[in-house]
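Let me begin by presenting the structure, written as structure tokens, before commenting on it.
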2 protein chains.
Amino acid sequence: MRGRRKLGRGVAVVGAGMSKFGMFSDKDSKYLFAEAFNEMLSTVDKGIDPKDIDALYLGNFTNDFFVHQGHWGPIISDLLGLTPKPATRTEGACASSALAFREGVFAIASGFYDVVLVGGVEDMSKRSTEEVTQGLAMAASPYEVKAAFTFPGVFGAMATAYFNKYGASREHLMNVTIKSHNNARLNPKAQFNVSIRDIMNQRIEKAKSRGGPVPAWRDEKEFLRDPRANPVVAWPMHLYDCCPISDGASCVLLVAEKIAKDFTDNPLYVVGIGQGSGKGLHAKEDLTYFEATRYAAQEAYELSGLKPEDVQIAEVHDCFSIAEILHIEDLGFFKPGEGYKAVEEGLTRLDGPKPINTSGGLKCKGHPVGATGTGQLVETWKQLRGEAGERQVPIKDLRVGAAQSLGGTGGTCTLTILERR
Amino acid sequence: MRGRRKLGRGVAVVGAGMSKFGMFSDKDSKYLFAEAFNEMLSTVDKGIDPKDIDALYLGNFTNDFFVHQGHWGPIISDLLGLTPKPATRTEGACASSALAFREGVFAIASGFYDVVLVGGVEDMSKRSTEEVTQGLAMAASPYEVKAAFTFPGVFGAMATAYFNKYGASREHLMNVTIKSHNNARLNPKAQFNVSIRDIMNQRIEKAKSRGGPVPAWRDEKEFLRDPRANPVVAWPMHLYDCCPISDGASCVLLVAEKIAKDFTDNPLYVVGIGQGSGKGLHAKEDLTYFEATRYAAQEAYELSGLKPEDVQIAEVHDCFSIAEILHIEDLGFFKPGEGYKAVEEGLTRLDGPKPINTSGGLKCKGHPVGATGTGQLVETWKQLRGEAGERQVPIKDLRVGAAQSLGGTGGTCTLTILERR
């Protein structure tokens with residue numbers, strides 16, 4: 001690229017919706033996407049006729065592997081009554097719908113379309129754990145899989161490298177987990193809308209009612225340190241460091257800035273978009289940062305003219321607790337090696353100066369892979385419009401929020417920055 | 001969309017390359033894409049430093065299912081030395097890289113990027129026929145697969161409907177096959193670069209040398225009518241009506257129009273892009289046209305200001321012989337029900353007034369699914385620049401060429417129109 005990045009015309013978000021995230025034996029991709037789409041329609045203040053939607057971009061990762069059905073663009077366009085409008089699937093593993101969002105932005109910014117629906121869906125929980133592990137392994141670098149790495153293993157290796165370089169420990173990862181659960185407790189759409197303290201107390205009550213030995217946990221950390229409550233998956237990743245297997249869908253409605261006020265008096269403007277790619281772990285010089293995240297951040301900050309300190313809230317891709325710490329450093333919110341201290345000091349809490357993952361994050365809101373990217377933007381939409389209910393951040397003059405998605409073990413990363421004016 | 005379609009800024013093609021298409025037991029997706037990329041580099045008249053490539057879009061359909069590896073964007077970006085530049089996979093079944101092309105156009109037209117590589121790859125031939133059939137079935141509508149339709153079956157049903165409505169017959173499909181083979185005979189990159197007459201004569205010679213009974217075929221049609229030479233697959237689709245299983249890769253280099261002359265004095269300009277989606281067969285009122293193709297054509301003609309008669313040559317998606325006939329009607333080159341007559345009259349031959357599939361088409365050039373969309377544009381590039389060698393069409397002042405891709409049984413369709421100025 002020669003010269004400073006820019007977009008030919010502005011793009012705004014005027015609606016956002018998501019299904020409940022969770023494990024649903026009776027809901028397939030079509031059902032889930034319809035749920036998200038219907039909620040999105042209800043959020044467009046001045047209404048939208050689906051006939052005015054020019055195109056669909058859909059993120060999905062595993063449907064061809066898990067349900068032996070690819071080519072989901074036209075399936076969803078038909079479901080929503082959009083046929084014969086174009087429908088394109090994007091795939092970047094866990095960042096799939098973040099890519100859909102970006103393509104939607106380009107399609108409008110190019111001048112070709114005015115109204116574009118972007119979203120994602122994933123239907124994972126009906127498979128066996130082994131199948132899901134195999135399916136998700138398709139997102140990693142081929143070398144990682146051949147070396148018998150699973151995802152908890154890869155992120156465990158990153159955590160170990162981070163501990164070694166900066167002196168952090170498992171105790172610091174627990175701070176991420178506790179915060180995420182505290183936020184998700186306030187999010188009715190979250191798969192685990194319960195705090196660690198609640199889980200702990202429920203276990204204690206259950207033990208008491210059974211008349212057996214009662215665990216002696218006095219606080220969340222004692223609970224998380226107990227291997228019976230929080231067993232190791234791939235050290236130092238324990239059960240409560242890992243996001244769950246989830247089903248869900250999400251979508252947002254993008255329109256050209258010039259017509260945004262036709263849909264709402266309170267649109268959000270897409271001020272930053274960025275994307276990067278990264279090599280596999282075998283080729284990385286350092287496991288404690290993501291080159292793709294740093295590149296995506298550079299693109300998005302360059303377009304927006306904003307700095308990391310201008311971003312007031314962010315959803316980041318915490319597929320594992322360590323990932324949240326790495327990302328808040330890579331995005332420039334905290335210096336390398338200081339992310340874990342920021343979490344410890346409460347800076348990223350709902351009531352802190354830089355709230356991170358107010359939704360509960362992937363860890364607690366859930367991680368239906370293809371739905372996660374636009375799902376993060378649904379949360380950003382709610383917070384920036386002051387519609388996040390009990391988990392609304394108390395920041396005065398909240399205007400700028402970001403969402404960051406990671407695919408695989410760092411192969412793809414995106415950053416999106418939205419602004420309320 | 002409100003108002004006439006337009007793009008914020010122009011986009012040009014300044015390089016194009018493809019691997020040989022075929023069945024290669026020793027070449028995987030990475031090898032194939034590198035082959036296409038290297039040829040592309042050699043076609044950029046004034047040279048291109050890969051470091052100047054801002055982003056990659058990659059079409060692929062089956063790699064997650066066939067080789068259990070998804071997330072191919074960053075794998076290919078790493079292969080080509082593009083990391084950390086963004087890399088996005090698009091999937092629209094057999095139109096996957098046509099979608100990559102379109103997203104590359106949007107990314108540049110939006111103003112965000114100046115130089116974008118778009119391409120596609122597929123590695124199919126190492127699977128069993130059963131696996132390939134299952135993999136390709138993922139491109140169809142779920143209802144078609146549940147009804148036990150295979151792809152030859154679906155297109156067989158379309159052919160039957162067409163015969164019934166317009167009075168065409170198998171004899172007319174043979175005209176398509178004979179033409180495709182005649183063109184492919186002149187294309188060294190084609191999987192089957194041999195004419196039907198050559199195949200027929202080889203068989204006769206072989207029979208003679210063995211001393212057995214010698215077939216009494218006097219011309220290509222007699223050969224194609226003979227069930228021993230051309231067995232039925234799903235009536236009326238016979239072996240020579242169907243494209244093969246192929247491995248291959250292709251790519252083109254897109255740049256902003258304003259810098260096109262930095263790369264070549266002879267760029268091609270992207271004047272039309274269009275895309276549509278279609279319902280499954282169960283929901284179609286008529287099997288003799290593709291609603292997605294008609295919509296894509298409408299978009300592309302609207303953007304370009306061109307009419308069907310302005311398009312001088314076209315590559316169309318002849319996954320089956322009947323598909324070529326349906327598409328040349330849907331694109332407006334011939335009226336509904338007249339496509340088969342046009343082929344019979346030789347209008348679509350290399351030396352006819354409207355040459356179609358000068359490359360040999362999917363039928364003979366091969367159909368490595370994800371590579372087909374940009375592969376068609378490689379042929380368009382060669383023809384419009386007068387570099388198609390023995391198969392160069394003899395049209396005076398050849399300026400406008402088109403490529404049309406179909407995904408699945410009509411779920412996705414694209415039309416791209418390129419112009420030399």
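So, B:GLY22, is that one within 27 Å of B:GLY401 (Cα to Cα), small (Gly, Ala, Ser) and within 12 Å of chain A (Cβ to nearest Cβ) or not? Let's see the steps before the verdict.
Numbers: within 27 Å of B:GLY401 (Cα to Cα): yes; small (Gly, Ala, Ser): yes; within 12 Å of chain A (Cβ to nearest Cβ): no.
No.
Can you tell me which residue within segment B:147-168, out of those that are part of a loop (DSSP other than H, G, I, E, B) and at negative phi, is least open to solvent (accessible area, probe 1.4 Å)? Step through it out loud before you land on a result.
Going residue by residue through segment B:147-168, those that are part of a loop (DSSP other than H, G, I, E, B) are B:147-150, B:167-168.
Cutting the leftovers down to at negative phi gives us B:147, B:149-150, B:168.
Numbers: B:ALA147: 66, B:PHE149: 77, B:THR150: 63, B:ALA168: 11 Å².
Of everything passing the filter in segment B:147-168, B:ALA168 is least open to solvent (accessible area, probe 1.4 Å).
Look through B:GLY332, B:GLY346 and report the one residue that is closer than 30 Å to B:ARG9 by Cβ and open to solvent by 10 Å² or more (accessible area, probe 1.4 Å). So that I can check it myself, show each step before the final result.
Values: B:GLY346 fails: closer than 30 Å to B:ARG9 by Cβ.
Answer to the check: B:GLY332.
Write out, first by first residue and then by second, each pair whose Cβ atoms fall under 6 Å of each other, whose residues are 6+ apart or on separate chains, and whose first residue, in segment A:290-306, is farther than 19 Å from A:GLY280 by Cα while the second is open to solvent by less than 30 Å² (accessible area, probe 1.4 Å) and among the basic types (Lys, Arg).
Final answer for the pair search is A:GLU302/A:ARG5; A:LEU303/A:ARG5.
Do we have A:SER96 as more than 7 Å from chain B (Cβ to nearest Cβ), among the polar types (S, T, N, Q) and either open to solvent by less than 10 Å² (accessible area, probe 1.4 Å) or closer than 24 Å to A:ASP114 by Cα (or both) here?
On the way: more than 7 Å from chain B (Cβ to nearest Cβ): yes; among the polar types (S, T, N, Q): yes; either open to solvent by less than 10 Å² (accessible area, probe 1.4 Å) or closer than 24 Å to A:ASP114 by Cα (or both): yes.
Taking the combined requirement at face value, the residue satisfies it.
In segment A:25-45, which residue that is of a type in the set (Ser, Thr, Tyr) and farther than 18 Å from A:LEU384 by Cα is farthest from the other protein chains (Cβ to nearest Cβ)?
First, pick out the residues of segment A:25-45 that are of a type in the set (Ser, Thr, Tyr): A:25, A:29, A:31, A:42-43.
Filter once more, so that each one left must be farther than 18 Å from A:LEU384 by Cα: A:25, A:29, A:31.
Values: A:SER25: 19, A:SER29: 10, A:TYR31: 14 Å.
Among residues in segment A:25-45 that are of a type in the set (Ser, Thr, Tyr) and farther than 18 Å from A:LEU384 by Cα, the one farthest from the other protein chains (Cβ to nearest Cβ) is A:SER25.
Select from segment B:270-284 the residues that are of a type in the set (Gly, Ala, Ser), closer than 20 Å to B:LYS6 by Cα and more than 7 Å from chain A (Cβ to nearest Cβ) and list them in ascending order.
B:GLY272, B:GLY274
What is the residue count in segment A:46-66 for residues that are basic (Lys, Arg) and within 10 Å of chain B (Cβ to nearest Cβ)?
Taking segment A:46-66 first, the residues basic (Lys, Arg) are A:46, A:51.
Applying the additional criterion that residues be within 10 Å of chain B (Cβ to nearest Cβ) yields none.
Looking only at that region, the number is 0.
Just give me the residues in segment A:27-50 being of a type in the set (Ser, Thr, Tyr), open to solvent by 80 Å² or more (accessible area, probe 1.4 Å) and touching a residue at least 24 places away in the same chain (Cβ under 8 Å), in sequence order. Spell out how you get there, then give the answer.
So in segment A:27-50, the residues of a type in the set (Ser, Thr, Tyr) come out as A:29, A:31, A:42-43.
Pick out the ones that are also open to solvent by 80 Å² or more (accessible area, probe 1.4 Å) and you get A:31, A:42.
Within segment A:27-50, A:SER42 is the sole residue that qualifies.
Take the residues of segment A:254-264 that are in contact with a Pro (Cβ under 9 Å, 6 or more places away or on another chain), more than 11 Å from every other protein chain (Cβ to nearest Cβ) and closer than 20 Å to A:LEU56 by Cα: which is most open to solvent (accessible area, probe 1.4 Å)?
We begin by selecting, within segment A:254-264, every residue in contact with a Pro (Cβ under 9 Å, 6 or more places away or on another chain); these are A:255, A:257, A:260-261.
Pick out the ones that are also more than 11 Å from every other protein chain (Cβ to nearest Cβ) and you get A:257, A:260-261.
The next check asks that each one be closer than 20 Å to A:LEU56 by Cα; those that pass are A:257, A:260.
Working: A:GLU257: 71, A:ALA260: 0 Å².
Once the filter is applied, the top-ranked residue is A:GLU257.
Write out, first by first residue and then by second, each pair whose Cβ atoms fall under 6 Å of each other, whose residues are 6+ apart or on separate chains, and whose first residue, in segment A:383-407, is more than 14 Å from every other protein chain (Cβ to nearest Cβ) and more than 25 Å from A:PHE320 (Cβ to Cβ) while the second is open to solvent by 10 Å² or more (accessible area, probe 1.4 Å) and assigned to a loop (DSSP other than H, G, I, E, B).
Matching pairs, first to second residue: A:ARG385/A:ASN266; A:GLU390/A:LEU186; A:PRO394/A:ASP351; A:ILE395/A:GLN312; A:LEU398/A:GLN312; A:VAL400/A:GLN312.
Which one of these is more than 21 Å from A:ALA139 (Cβ to Cβ), open to solvent by 10 Å² or more (accessible area, probe 1.4 Å) and at pLDDT 95 or above: A:TYR289, A:TYR340, A:TYR295?
Working: A:TYR289 fails: more than 21 Å from A:ALA139 (Cβ to Cβ); A:TYR295 fails: more than 21 Å from A:ALA139 (Cβ to Cβ).
Result of the check over A:TYR289, A:TYR340, A:TYR295: A:TYR340.
Check whether at least one residue in segment A:359-366 is open to solvent by 10 Å² or more (accessible area, probe 1.4 Å) and in a loop (DSSP other than H, G, I, E, B), and report yes or no.
Scanning segment A:359-366, I find no residue that is open to solvent by 10 Å² or more (accessible area, probe 1.4 Å) and in a loop (DSSP other than H, G, I, E, B), so the answer is no.
Kindly indicate whether B:ILE417 is open to solvent by less than 20 Å² (accessible area, probe 1.4 Å), under 30 Å from B:MET124 (Cβ atoms), assigned to a helix (DSSP H, G or I) and of a type in the set (A, V, I, L, M). Please lay out each step first, then the result.
Details: open to solvent by less than 20 Å² (accessible area, probe 1.4 Å): yes; under 30 Å from B:MET124 (Cβ atoms): yes; assigned to a helix (DSSP H, G or I): no; of a type in the set (A, V, I, L, M): yes.
Judged against the criteria, B:ILE417 is not a match.
Here's a check for you: in segment A:67-81, which residue that is touching a strand residue (DSSP E or B) at 6+ places or on another chain (Cβ under 7 Å) and more than 7 Å from chain B (Cβ to nearest Cβ) is modelled with the lowest pLDDT?
Among those residues, the one meeting the criterion is A:VAL67.
Test A:ILE108 against the stated conditions and say whether it is of a type outside the set (Gly, Ala, Ser), open to solvent by 10 Å² or more (accessible area, probe 1.4 Å) and more than 22 Å from B:PHE290 (Cβ to Cβ).
Values: of a type outside the set (Gly, Ala, Ser): yes; open to solvent by 10 Å² or more (accessible area, probe 1.4 Å): no; more than 22 Å from B:PHE290 (Cβ to Cβ): yes.
It is false that A:ILE108 is of a type outside the set (Gly, Ala, Ser), open to solvent by 10 Å² or more (accessible area, probe 1.4 Å) and more than 22 Å from B:PHE290 (Cβ to Cβ).
Being surrounded by 22 or more Cβ atoms within 10 Å (Cβ to Cβ) and away from every other protein chain (no Cβ under 14 Å) narrows it down to one of B:PRO267, B:PRO227, B:PRO231, B:PRO244, so name that one.
Numbers: B:PRO227 fails: surrounded by 22 or more Cβ atoms within 10 Å (Cβ to Cβ); B:PRO231 fails: surrounded by 22 or more Cβ atoms within 10 Å (Cβ to Cβ); B:PRO244 fails: surrounded by 22 or more Cβ atoms within 10 Å (Cβ to Cβ).
After applying the criteria, what remains is B:PRO267.
Would you kindly identify the helices (runs of 4 or more DSSP H) lying entirely within segment A:169-286 that contain at least 3 residues that are out of contact with any helix residue (DSSP H, G or I) (no Cβ under 9 Å at 6 or more places or on another chain)? Give the steps one after another, and end with the answer.
Numbers: elements: A:170-184, A:196-210, A:220-225.
Once the helices (runs of 4 or more DSSP H) in segment A:169-286 are filtered for at least 3 residues that are out of contact with any helix residue (DSSP H, G or I) (no Cβ under 9 Å at 6 or more places or on another chain), what remains is A:196-210.
For A:GLY119, state whether it is assigned to a helix (DSSP H, G or I) and either within 19 Å of A:PHE320 (Cβ to Cβ) or open to solvent by less than 10 Å² (accessible area, probe 1.4 Å) (or both). Break it down into steps so the answer makes sense when it comes.
On the way: assigned to a helix (DSSP H, G or I): no; either within 19 Å of A:PHE320 (Cβ to Cβ) or open to solvent by less than 10 Å² (accessible area, probe 1.4 Å) (or both): yes.
Here the answer is no, as A:GLY119 does not meet what is asked.
In segment B:62-93, how many residues are open to solvent by 10 Å² or more (accessible area, probe 1.4 Å) and of a type in the set (D, E, K, R)?
Residues in segment B:62-93 being open to solvent by 10 Å² or more (accessible area, probe 1.4 Å) and of a type in the set (D, E, K, R): 2 in total.
Would segment A:124-146 turn up any residue that is crowded, with 22+ Cβ neighbours inside 10 Å, more than 9 Å from every other protein chain (Cβ to nearest Cβ), at pLDDT below 95 and under 19 Å from the mean Cα position of the chain (by Cα)?
yes
Please work out which one of (1) under 21 Å from A:LEU136 (Cα atoms); (2) touching a residue at least 60 places away in the same chain (Cβ under 8 Å); (3) open to solvent by 10 Å² or more (accessible area, probe 1.4 Å) is the condition B:GLY59 fails and give its number.
In the conditions (1) under 21 Å from A:LEU136 (Cα atoms); (2) touching a residue at least 60 places away in the same chain (Cβ under 8 Å); (3) open to solvent by 10 Å² or more (accessible area, probe 1.4 Å), B:GLY59 misses (3) alone.
Assess whether A:GLU309 counts as being more than 19 Å from the chain's Cα centre (by Cα) and either charged (D, E, K, R) or in a strand (DSSP E or B) (or both). Walk me through how you get there before you give the answer.
Details: more than 19 Å from the chain's Cα centre (by Cα): yes; either charged (D, E, K, R) or in a strand (DSSP E or B) (or both): yes.
Spelling it out, A:GLU309 is indeed more than 19 Å from the chain's Cα centre (by Cα) and either charged (D, E, K, R) or in a strand (DSSP E or B) (or both).
The values are calculated or read from the model by the stated rules, or taken from the named source; none is laboratory data. On a predicted model such as this, the values are computed, not experimentally measured, just so you know. Backbone-built Cβ (ideal geometry, glycine too); neighbour counts: all protein chains shown. Ligands, DNA and RNA are stripped out before the accessible areas are found, and what is left, the full protein with its side chains, is counted by its heavy atoms. Shrake-Rupley method; radii C 1.70, N 1.55, O 1.52, S 1.80 Å.
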